[in-house]
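Colleague: Provided herewith is a single structure, encoded as structure tokens, for subsequent inquiry.
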Amino acid sequence: MNKDQSFQLGYVSKVHGLRGEVVVVLDVDYPEDYEGIEHLFLEQKSRLVPFFLEHFVLQPGNKALAKFEDLNSIEQVEDLVGLGAYLPLTALPELEEDQYFYHDLIGFEVFDETKGLIGTVQIVYDLDTQNLLGVTHQDKEVLIPIQDGIIQKVDKAAKKVFCQLPEGLLEIYLED
């Protein structure tokens, strides 16, 4: 499996105890959707390697305690700390009609209610402080915050994002 067919569930943050358990920080809105998983793919040297789970127990604060099969000591799991944890796209939960995953927005056209077509979403930046759409406008990248009040509507069928950009946002990116 490659990254195009997967999504990042989180990352291995630290070793837990002496018997090969690790703590996985989950970067998802609803960790309970992943409670029964049987395997994870960990990114090692730019490749996704499958690891089968003995258990995956949710903890407070978007974390899970994971124990991988055949890894039974600190020494066997300490090299996993810091690795990204992935699942296939097919493991994503079903969404309501008005919901979407950020990665789904890539390729969507972005329209401002006063300026019209801004451009096409090229990338979604999933940052700790804020999520941003990277949109190409007049050959420059414009970063649009993914926030209520700015993103008004997403039409998945038409592949369009409708927004109300804050005054002056586009002009900041167009200055030389």
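The values are calculated or read from the model by the stated rules, or taken from the named source; none is laboratory data. From a predicted model like this one, the values you see are computed outputs, not experimental measurements. A quick note on method: Cβ atoms are made from the backbone with ideal geometry, for glycine too, and the neighbour counts reach across all protein chains shown.
Colleague: Within segment 89-104, does at least one residue satisfy the condition of being β-branched (Val, Ile, Thr), touching a Phe, Trp or Tyr at 6+ places or on another chain (Cβ under 8 Å) and not in a loop (DSSP other than H, G, I, E, B)?
Modeller: No: zero hits.
Colleague: Here is a follow-up. Among the residues of segment 168-176, is any surrounded by 12 or more Cβ atoms within 10 Å (Cβ to Cβ) and at pLDDT 90 or above?
Modeller: No, the conditions are met nowhere in segment 168-176.
Colleague: Considering only segment 1-18, how many residues are within 20 Å of Leu127 (Cβ to Cβ) and part of a loop (DSSP other than H, G, I, E, B)?
Modeller: 0
Colleague: Something else now. Could you say which residue among Leu133, Leu143, Leu165 is at pLDDT 90 or above and farther than 16 Å from His103 by Cα?
Modeller: Within the list Leu133, Leu143, Leu165, the selection yields Leu165.
Colleague: Do you know which of the residues in segment 62-118 that are modelled with pLDDT under 85, among the acidic types (Asp, Glu) and exposed (fewer than 13 other Cβ atoms within 10 Å of the Cβ) is farthest from Asp148 (Cα to Cα)?
Modeller: Among those residues, the one meeting the criterion is Glu94.
Colleague: Given the conditions (1) aliphatic (A, V, I, L, M); (2) in contact (Cβ under 8 Å) with a residue 24 or more places away in the chain; (3) not in a helix (DSSP H, G or I), which single one is not true for Val77?
Modeller: Checking Val77 against (1) aliphatic (A, V, I, L, M); (2) in contact (Cβ under 8 Å) with a residue 24 or more places away in the chain; (3) not in a helix (DSSP H, G or I), the one that fails is (3).
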